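In what follows, a structure is listed as structure tokens, so that the remarks can point back to it.
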2 protein chains.
Amino acid sequence: MSKRKSWYAILIGSGRFGARLAGKLSNEDHSVVVIDKNESKFENLPLEYTGFTIQGDATDIEVLKAAKVQKADLFLALTDDDNTNFFVSQVAKVIFHVPHVISRVYDPANLPLFHEYKIETITPVLLALSTANRMLEKIAEEEK
Amino acid sequence: MSKRKSWYAILIGSGRFGARLAGKLSNEDHSVVVIDKNESKFENLPLEYTGFTIQGDATDIEVLKAAKVQKADLFLALTDDDNTNFFVSQVAKVIFHVPHVISRVYDPANLPLFHEYKIETITPVLLALSTANRMLEKIAEEEK
């Protein structure tokens with residue numbers, strides 16, 4: 001990967017997804033803060049992670065301020081709760097004007113709401129379905 | 001999609017992923033059985049789903065037999081528990097010789113085990129990470 005600008009990135013949720021992405025960003029010399037309500041979730045962070053962690057509820061604006069959200073280049077809402085992801089993404093985008101906001105969407109039924117508010121989304125279940133479809137197409141091809 | 005052979009497919013787990021895939025397969029005129037421990041999960045099945053449902057624990061071989069696993073062309077283990085997915089996939093593959101066995105893997109740390117036993121896998125969190133990486137690369141490109 002070519003050298004790029006160092007970002008200040010805030011990630012909400014230190015589950016398997018958030019923690020791995022935090023490790024990758026940290027490994028690429030970005031400044032990273034991970035926020036999670038549950039301190040034990042920080043155990044998911046890989047050894048390569050050299051950023052900060054904040055134990056707290058990201059739907060509390062004081063917690064976001066403590067993470068200096070107003071300075072963030074990138075904000076990723078990656079909890080397994082779509083209401084939380086939607087709320088914190090909107091706060092990051094509308095109140096704190098973070099230039100790049102990306103949210104995980106757990107239940108595809110919630111996608112229209114995120115799209116309506118122009119929040120970029122990642123929906124793992126839809127990605128998994130596409131992959132399953134490709135695998136099944138391949139099986140069907142082999143049977144022809 | 002071109003006309004293809006009708007499969008007999010058994011899906012374990014009627015969560016968002018399993019239920020949507022079951023609907024799609026059913027819609028393509030495959031014969032589908034969905035098994036879930038929790039009957040309320042069948043509410044995830046879309047209206048288009050015309051297959052069968054069996055409420056039961058798929059790690060109980062009698063439940064798999066009731067689903068006629070020995071006749072299945074395709075077996076998909078899609079619960080959110082990797083131990084369950086691994087166990088039922090192995091049973092389908094080794095005991096019942098199902099030709100195509102695909103398992104969801106929740107925690108990427110468990111992938112080597114599935115690979116060792118040559119079970120095909122879908123790992124939503126890794127798909128989500130790839131997508132996140134592509135989105136971040138695009139942001140980095142735009143900033144150049």
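Odds and ends about this structure:
- Summary for A:SER40: label point 7 Å along Cα→Cβ; distances to the equivalent points in the other copies, ascending, 2.3 nm.
- Think of it as helices only: each DSSP H run of n ≥ 4 in the protein assembly as shown is worth -39500 (n - 2.57), and spread over all residues that comes to -11000 deg cm²/dmol at 222 nm.
- Near A:THR53, the amide H atoms lying under 5 Å from its own belong to A:VAL34; only residues 5 or more places off or on other chains count, and H is placed 1.01 Å from N.
- Gain on full extension, evaluated as 0.36 nm per residue between B:GLN90 and B:GLU39 minus their Cα-Cα distance, stands at 15.9 nm.
- Sorting A:94-104, B:129-139 by average packing, meaning the other beta carbons within 10 Å per residue, from highest down gives A:94-104, B:129-139.
- Computed across region B:8-143, the Kirkwood hydrodynamic radius from all distinct Cα-Cα pairs reaches 15.5 Å.
- Cβ-to-Cβ counts within 10 Å put B:LYS5, B:LYS68 in ascending order as B:LYS5, B:LYS68, the fewest first.
- Dipole of chain A computed with +1 at Lys/Arg Cβ and -1 at Asp/Glu Cβ about the Cα centre; of A:PHE96, A:GLY56, A:THR123, farthest Cα towards the positive end is A:PHE96.
- Label 7 Å beyond Cα on the Cβ vector: A:ALA66 copy-to-copy distances, nm: 5.0
- Working from Cα pairs under 8 Å separated by at least six residues, relative contact order for region A:8-143 is 20 percent.
- Backbone HN-Hα couplings from phi across region B:103-119 [Karplus 6.51/-1.76/1.60, Hz, Gly and Pro as x]: 10, 6, 10, 6, 9, x, 4, 8, 4, x, 4, 4, 5, 4, 9, 6, 9
- Simple Cβ-charge dipole of region A:8-143, Lys/Arg +1 and Asp/Glu -1, about Cα centre, in debye nearest 20: 420
- Distance violations [Cα-Cα > 24 Å] among A:LYS93/B:LYS24; A:LYS24/B:LYS93; A:LYS41/B:LYS41; A:LYS138/B:LYS138; B:LYS24/B:LYS138; A:LYS144/B:LYS93: A:LYS93/B:LYS24; A:LYS24/B:LYS93; A:LYS41/B:LYS41; A:LYS138/B:LYS138; B:LYS24/B:LYS138
- Shielding of peptide B:14-24 by partners, expressed as the average count of other chain Cβ atoms within 10 Å per residue Cβ, is 3.
- Projecting 7 Å from Cα along the Cα-to-Cβ direction, the label point of A:GLU120 sits 3.2 nm from its equivalents in the other copies, listed shortest first.
A short reminder: the numbers here are calculations on the coordinates, not readings from a lab. Here the structure is a predicted model, which is why all the values come from computation and not from measurement. Heads up, the Cβs are rebuilt from the backbone with ideal geometry, glycines too, and the neighbour counts pull from every protein chain shown.
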